[in-house]
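Notes follow the structure.
The values are calculated or read from the model by the stated rules, or taken from the named source; none is laboratory data. Note that the coordinates shown come from a computational prediction; the quantities given were computed from them, not determined experimentally. Cβ placement follows ideal geometry from the backbone for every residue including glycine, while neighbour counts extend to all protein chains displayed.
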Amino acid sequence: MATMATTRMSSKGQVVIPEAVRKRLRLEAGTQFVVVGKNDVVILKTVQRPSMRDFDALITEARRQARAAGMRRSEITHALARVRNRK
């Protein structure tokens, strides 16, 4: 069951997440969010590091797709070098 509450934005653009919501979602100071806004809807989505198991699955899938696309390791290395040199 969702916890619902109201809040306001401060003059500095800050929004307080009500205590009941923070407790229910176990949100702590320093929690990071992705903020998505469209029309009159704002969505806050917590950012969480993937577990090592999930990360390994992501890497395995990325490698599978790269092979299926016919990419070679050298092409990926060169692409990464180009992007890193843009900074």
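Quick notes on this structure:
- Whichever residue in segment 46-58 is surrounded by 10 or more Cβ atoms within 10 Å (Cβ to Cβ) and not acidic (Asp, Glu) and, among such residues, is farthest from Phe33 (Cα to Cα): Ala57
- Scanning segment 20-31 for residues that are closer than 20 Å to Thr3 by Cα and loosely packed, with under 10 Cβ neighbours inside 10 Å turns up Arg26, Glu28, Ala29.
Matching residues to (1) assigned to a helix (DSSP H, G or I); (2) within 23 Å of the chain's Cα centre (by Cα):
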| site | (1), (2) |
| --- | --- |
| Lys12 | no, no |
| Ala20 | yes, no |
| Leu27 | no, yes |
| Asp56 | yes, yes |
| Thr60 | yes, yes |
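- Looking only at segment 32-45, residues that are surrounded by 11 or more Cβ atoms within 10 Å (Cβ to Cβ) and either in contact with a Leu (Cβ under 7 Å, 6 or more places away or on another chain) or modelled with pLDDT of 95 or more (or both) come to 1 in all.
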